[in-house]
Amino acid sequence: LRDRRLLLVLAGAAPIAAVFFQHIGAMPLHLVRDLGFSAAFYGVLFTVNTLLIVFTEVPINLGMAHWSHRSSLMLGSLLVAVGFGALAFARSAPAVVATVIVWTLGEMILFPSLSATVADLAPPEAVGAYMGHYQLAFAAAFLIGPWAGIALMERFGPAAPWLACFAAGALAALLFRRLR
């Protein structure tokens, strides 16, 4: 890889995607085992996530269409970081639902912006290669993220993955801030 901008985007995409994938790793364990919620409550959270996406993603993205990639990536990363990071402190059902709303808003801003950024960075003859690198970073995050979150939880306690999520998301936002 010779494009420093692509490397910067991939360096930010990998940790924030690893944070996002906690919803299939550490999050259900934390909710059921550590906080005592039912598995059905975990399912309700995905209903909230899905309804938010269905009813608000298009208007949000249309409203942000004039934003720079840099701004969208930073905001989306920070919302994902705060949403997952807040699980370290959320104890009630409404508080957990609020964390899901926050990271869902981040998800709706971040992931379309990431794909668009990579596509816009690519020269016409290398769009496939650039998107392939992006998908590789995403796949690595999918492989490592859930495992890492559970490993942190098992070794350091139930707050550890969420504090690490906040740190990783903040790091991604800082990396995206360097985009020009």
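Taken together, the values in this text are just the output of simple stated rules run on the coordinates, not laboratory data. Just so we're clear, the structure is a prediction, and the values are computed from it rather than from any experiment. Virtual Cβ from ideal backbone geometry, glycine too; neighbours counted across all protein chains shown.
For the reader, a short list of remarks on this structure follows.
- Taking a ≥ b ≥ c as the square roots of the eigenvalues of the alpha carbon gyration tensor, region 103-144 is oblate, as a/c is not under 1.5 and a/b does not beat b/c.
- Region 107-164 and region 30-106: distance between their alpha carbon centers, rounded to Å: 16
- Tensor-based shape of region 87-161 (alpha-carbon gyration tensor, a/c under 1.5 rounded, otherwise prolate or oblate): oblate
- Mean ellipticity per residue at 222 nm, deg cm²/dmol - from DSSP H runs of n ≥ 4 across the chain, formula -39500 (n - 2.57): -27000 deg cm²/dmol
- Chain lengthening between V48 and A116 when straightened (0.36 nm per residue, less Cα-Cα): 21.9 nm
- Longest segment of the chain lacking chymotrypsin sites (Phe, Trp or Tyr not before Pro) that sit in a DSSP loop with at most 16 other Cβ atoms within 10 Å: 90-180
- Along its three principal directions, the equivalent ellipsoid of region 1-54 from the Cα gyration tensor extends over semi-axes of 32, 15, 5 Å, largest first.
- Based on the reciprocal of the average 1/r between different C-alpha atoms, the Kirkwood radius for region 123-163 equals 12.0 Å.
- Size descriptor, Kirkwood hydrodynamic radius, that averages inverse alpha-carbon separations across region 57-105, Å: 11.6
- One chain, two ends: L62 and L136. Fully extended at 0.36 nm per residue, the span grows by 23.9 nm beyond their Cα-Cα distance.
- The length gained on full extension between L7 and D34, counted as 0.36 nm times the residue separation minus their Cα-Cα distance, comes to 6.0 nm.
- Label-to-label distance, W147 versus F41, with points set 7 angstrom from Cα along the beta-carbon direction: 3.0 nm.
- With the convex hull drawn over the C-alpha atoms of the chain, the volume per residue is 107 Å³.
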